[in-house]
């Protein structure tokens, strides 16, 4: 039975899809290093790189390849800021939840919030890896937490 | 095959769409060009069917709305999703008789709303991003706190 692998990478929103019969993380990393430059391979929502014998749950596998080992993150909301460092494979869904908690935003009271990249109007999908938004030279990203829009007009 | 369908076929096999399938966010149910029917998973596990017209894809944004594949019509009121003010502004069954979602990504809904590009720049159609933009936004809304299930 084949395995679907979805690979995201540092500073790029493209997704690479591979279908393999047997997972070989060492070989996969070598191929990605050759294609995109040297980097580490991270399992989704994990802070540390995977080892070659990493065991995944059955099903599709979501990975991140990046030369950034940590992403410096700032989330701004209503005059407050939340700062932390995450592995590049951490999803915006996880970051948003963490930021809402640390910024004392009560999910029951708050309208749905989205992470918007600072100084832009881009609101990336929650499955986006934070490393995909951080350019490798800086390995950092700043977001604003903004309310979802009620469509009017 | 027309050029718009050829590009659509390419995009339905692209990693960005397949990733959503792998995450159980959405699936493709059927195609009767230019109409495609998708299943979108809501946060309570319910599947909503979304029927989109892709004529002119990807230059032209798609248009469409929720669909009941059994009756081949817009879902009955008791099967229509409800939610907070943000949610119901988009899932507005009164708009176009439920045949278009009220958001800037929808071709029919955008028509005549000249202020929307400035007001909602993050919801403007980008041909190079393609169909995952539209179904991704529908999935986001159905998985937001503002989604409260169905009325029935």
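The values are calculated or read from the model by the stated rules, or taken from the named source; none is laboratory data. What you see is a predicted model, and the numbers here were worked out from it, not measured in a lab. We place every Cβ from the backbone using ideal geometry, glycine too, and count neighbours over all the protein chains shown.
Just a few scattered comments:
- Failed criterion for residue A:111 (all others in (1) under 23 Å from residue B:22 (Cβ atoms); (2) within 14 Å of chain B (Cβ to nearest Cβ) hold): (1)
- Residue within the stretch A:72-81 that is over 30 Å from residue B:118 (Cα atoms), away from every other protein chain (no Cβ under 14 Å) and in a strand (DSSP E or B) present: yes
- Among the residues of the stretch A:134-153, those that are without any contact (Cβ under 8 Å) to a residue 60 or more places away in the chain and either part of a strand (DSSP E or B) or surrounded by 15 or more Cβ atoms within 10 Å (Cβ to Cβ) (or both) comprise A:146, A:147, A:148, A:149, A:151.
- Selection count where residues are more than 9 Å from every other protein chain (Cβ to nearest Cβ) and either in contact with a helix residue (DSSP H, G or I) (Cβ under 6 Å, 6 or more places away or on another chain) or surrounded by fewer than 19 Cβ atoms within 10 Å (Cβ to Cβ) (or both), scope the stretch B:130-146: 2
- Candidate set from the stretch B:103-115 (those that are at the interface with chain A (Cβ under 7 Å from one of its Cβ atoms) and surrounded by fewer than 19 Cβ atoms within 10 Å (Cβ to Cβ)); member that is nearest to residue B:65 (Cα to Cα): B:113
- One residue stands out in the stretch A:2-44 among those that are assigned to a loop (DSSP other than H, G, I, E, B) and within 14 Å of chain B (Cβ to nearest Cβ): the one that is surrounded by the most Cβ atoms within 10 Å (Cβ to Cβ), namely A:44.
- Scanning the stretch B:1-31 for residues being assigned to a loop (DSSP other than H, G, I, E, B), without any contact (Cβ under 8 Å) to a residue 40 or more places away in the chain and within 14 Å of chain A (Cβ to nearest Cβ) gives a total of 3.
Each row is one residue, and each column tells you yes or no for (1) within 22 Å of residue B:128 (Cβ to Cβ); (2) in contact with a strand residue (DSSP E or B) (Cβ under 6 Å, 6 or more places away or on another chain); (3) crowded, with 19+ Cβ neighbours inside 10 Å.
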| residue | (1), (2), (3) |
| --- | --- |
| B:20 | yes, yes, yes |
| B:24 | no, yes, no |
| B:50 | yes, yes, yes |
| B:57 | yes, no, yes |
| B:64 | yes, yes, yes |
| B:67 | no, yes, yes |
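- Considering the conditions (1) away from chain B (no Cβ under 14 Å); (2) in contact with a strand residue (DSSP E or B) (Cβ under 6 Å, 6 or more places away or on another chain); (3) in contact (Cβ under 8 Å) with a residue 60 or more places away in the chain, residue A:129 is excluded by exactly one of them, (1).
- Selection of the stretch A:100-131 for residues being within 18 Å of residue B:144 (Cβ to Cβ) and either part of a helix (DSSP H, G or I) or not assigned by TED's automatic domain parsing to the domain that holds residue A:81 (or both) yields A:100, A:101.
- Of the criteria (1) in contact with a helix residue (DSSP H, G or I) (Cβ under 6 Å, 6 or more places away or on another chain); (2) within 14 Å of chain B (Cβ to nearest Cβ); (3) in contact (Cβ under 8 Å) with a residue 24 or more places away in the chain; (4) within 22 Å of residue B:126 (Cβ to Cβ), which one residue A:121 fails: (3)
- Screening the stretch B:38-152 for helices (runs of 4 or more DSSP H) wholly inside it with 1 or more residues that are at pLDDT below 95 returns the ranges B:85-90.
- Among the residues of the stretch B:75-102, those that are farther than 19 Å from residue B:148 by Cα and in contact with a helix residue (DSSP H, G or I) (Cβ under 9 Å, 6 or more places away or on another chain) comprise B:95, B:96, B:99, B:100.
- Sole exception among (1) touching a helix residue (DSSP H, G or I) at 6+ places or on another chain (Cβ under 9 Å); (2) more than 23 Å from residue A:93 (Cα to Cα); (3) surrounded by fewer than 16 Cβ atoms within 10 Å (Cβ to Cβ) for residue B:72, by number: (1)
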